[in-house]
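Structure, as structure tokens:
The values are calculated or read from the model by the stated rules, or taken from the named source; none is laboratory data. Predicted, not measured: the structure shown is a model, and the values here were computed from it. Positions of Cβ are backbone-derived with ideal geometry, glycine not excepted, and every protein chain shown enters the neighbour counts. These accessible areas exclude ligands, DNA and RNA; they are computed on the full protein's heavy atoms, side chains included. Shrake-Rupley method; radii C 1.70, N 1.55, O 1.52, S 1.80 Å.
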Amino acid sequence: MAHWFHRNPLKATAPVSFNFYGVAGSPAANKICNDLRTTRARLLEMFTDLTCNPEIMKNATDAYFSLLQGFIISLDGSTQENKMRFIQNFKWTDTLQGNTPSAQQDAVFELVSMAFNVAIWYTKFASRLAGKENITEAEAKDVHRSLKVAAGIFKNLKEVHIPRLITPAEKGRDLEPRVIDAYIIQCQAEAQEVTIARAIELKHNATLIAALAFETANFYQKADHTLNTLEPECSSKWRKYLQLKQHFYMAYAYCYHGQTLLASDKCGEAIRSLQEAEKCYSRAEALCKEYRQTKGPGSTAKPSEQLFFLKLGGLIKNTLEKCQRENGFIYFHKVPAEPPQLELKASYGLAEPVAFELPALSEQCTPEVYATFDLTKGAKNDKAKPKQEEEVKPVKEPDLKPQKDTGCVIS
């Protein structure tokens, strides 16, 4: 079952030369600087390379981060900050703030910004794969895992590395809690969408599917509420997506809960549950239109025209008609005025983030080589730093238009 996911743009960054003339006082120190420049450039290239897969991305990420940690971890046996941590200026845009960059002279800022982009890449890889017409079971597993890996990276940055920044993140920037929390929750919700599709395909019982859909709708609602105090111009489109997915999965939950009620001979309650599913579906349909009309960062698509969306509408209609027929012939139950209270807990299928760990420090970064970096020898080469006014060029992302969904399920 093909999926559709909203995606915000990748972060963009200014080039970094790592040319520390005079400071790098040995061939080994110069080699570290050269390798930092080349591995950084290689990693940035991978973000827009359509042939890149999770294995290639991990190798490129590890190559750069194993060296960058040589400017973060204390290598002289003391508890003091690494003397190289604050030598280089780094400039990054944010996924919601257009081309307005943030700059910090801090290697930890570079680490968290680059790792954030790696997580965004995993979500985009998952989205691209999930949008394929004939997605295989192995590909569905890759989608599921990539979203959980992304959630794990975001979670690790929030809990471990962002608190180390000297300059706290500004409001509305990627590294502030509201934004990063929304990304974590969205990744978990989308991973559960894959689980729900699988459960439907394998005809698992309606109770499990209803519970998973309910939990997923709650995730989307939580992500939306996390963003409700952000500036509307940068968050409105993203929030419309989260809201439409919340109502879509509430419709799923009420639809499958209705099937459970019917199977338990509670036909009147089943009809009311299906009526509520219709209501949620109609609201999701309206939100699809609002999403398309809302300006803001992120991809533009027509979710209400995707087959995954249309199929749910047909399922609700057919199930409701079946319940009404059964009630007219067999049960003659009164239809309650209020919808059933959904107090559903999924025992299986909930998506947990995959724990993220940085690679080991590069073997090049020894205390002996570290000692040959001499900050007193070279002025911090202001010419090598990007100027404050310099515009960071946006990333030219591949044009990934949603493919037509043939309605094929995961095989």
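For the range 1-35, a residue qualifies if it is in contact with a Leu (Cβ under 8 Å, 6 or more places away or on another chain) and in a helix (DSSP H, G or I), and the qualifying residues are 32, 35.
So, residue 86, is that one assigned to a helix (DSSP H, G or I) and aromatic (Phe, Trp, Tyr) or not? It is false that residue 86 is assigned to a helix (DSSP H, G or I) and aromatic (Phe, Trp, Tyr). Among the residues making up the range 23-61, those that are open to solvent by 30 Å² or more (accessible area, probe 1.4 Å) and hydrophobic (A, V, I, L, M, F, W, C) are 28, 41, 44, 50, 56. Working carefully through the options 5, 18, find the one that is closer than 30 Å to residue 246 by Cα and open to solvent by less than 20 Å² (accessible area, probe 1.4 Å). Just one listed residue meets the conditions, 5.
Scanning the range 289-304 for residues that are at pLDDT 90 or above and buried (at least 22 other Cβ atoms within 10 Å of the Cβ) gives a single hit, 291.
Go through (1) over 23 Å from residue 98 (Cα atoms); (2) of a type in the set (Phe, Trp, Tyr); (3) open to solvent by 10 Å² or more (accessible area, probe 1.4 Å) for residue 64 and report which single condition fails. Result: residue 64 fails condition (3) only.
A residue that is on the phi > 0 side of the Ramachandran plot and under 26 Å from the mean Cα position of the chain (by Cα) cannot be found anywhere in the range 77-91. For residue 308, the stated conditions do not hold, so it cannot be described as of a type in the set (Phe, Trp, Tyr), closer than 22 Å to residue 216 by Cβ and in contact with a Pro (Cβ under 9 Å, 6 or more places away or on another chain). Test residue 140 against the stated conditions and say whether it is closer than 14 Å to residue 256 by Cβ and at pLDDT below 95. Judged against the criteria, residue 140 is not a match. Of the set (1) of a type in the set (D, E, K, R); (2) farther than 20 Å from residue 52 by Cα; (3) open to solvent by 10 Å² or more (accessible area, probe 1.4 Å), all apply to residue 190 but (3).
When residue 38 is tested against (1) part of a helix (DSSP H, G or I); (2) among the polar types (S, T, N, Q); (3) modelled with pLDDT under 95, just one condition goes unmet, and that condition is (3). Considering (1) at pLDDT below 95; (2) in a helix (DSSP H, G or I); (3) touching a Leu at 6+ places or on another chain (Cβ under 7 Å); (4) closer than 23 Å to residue 152 by Cα, the lone condition that residue 182 does not fulfil carries the number (1). Scanning the range 169-187 for residues that are more than 21 Å from residue 246 (Cβ to Cβ) and open to solvent by less than 20 Å² (accessible area, probe 1.4 Å) yields 172, 174, 175, 176.
When the range 320-369 is filtered for residues that are modelled with pLDDT of 80 or more, open to solvent by 40 Å² or more (accessible area, probe 1.4 Å) and not in a loop (DSSP other than H, G, I, E, B), the ones remaining, listed by number, are 321, 322, 324, 325, 367, 368. When 166, 153, 162 are checked against the criterion of being of a type in the set (A, V, I, L, M, F, W, C) and open to solvent by 50 Å² or more (accessible area, probe 1.4 Å), 166 stands alone in meeting it.
Within the range 96-128, being part of a loop (DSSP other than H, G, I, E, B), of a type outside the set (A, V, I, L, M, F, W, C) and modelled with pLDDT under 95 holds for 97, 98, 99, 100, 101. For the range 93-105, a residue qualifies if it is surrounded by 23 or more Cβ atoms within 10 Å (Cβ to Cβ) and within 22 Å of residue 356 (Cα to Cα), and exactly one does: 94. Give me the pairs, please: first residue somewhere in the range 8-25 and touching a residue at least 24 places away in the same chain (Cβ under 8 Å) and more than 16 Å from residue 40 (Cα to Cα), second residue anywhere and open to solvent by 30 Å² or more (accessible area, probe 1.4 Å) and not in a loop (DSSP other than H, G, I, E, B), beta-carbon distance under 7 Å, and either six or more positions apart or on two chains. Matching pairs, first to second residue: 24/30.
Under the condition of being assigned to a helix (DSSP H, G or I) and among the hydroxyl-bearing types (Ser, Thr, Tyr), which residue from the range 205-238 is nearest to the chain's Cα centre (by Cα)? Give the steps one after another, and end with the answer.
Pass one, the range 205-238, residues assigned to a helix (DSSP H, G or I): 206-226, 232-238.
Next cut, among the hydroxyl-bearing types (Ser, Thr, Tyr) only: 207, 216, 220, 226, 235-236.
Working: 207: 28, 216: 15, 220: 12, 226: 15, 235: 15, 236: 17 Å.
Only one residue tops the list, namely 220.
Going by the structure shown, is residue 111 touching a residue at least 24 places away in the same chain (Cβ under 8 Å), open to solvent by less than 10 Å² (accessible area, probe 1.4 Å) and under 23 Å from residue 356 (Cβ atoms)? Yes.
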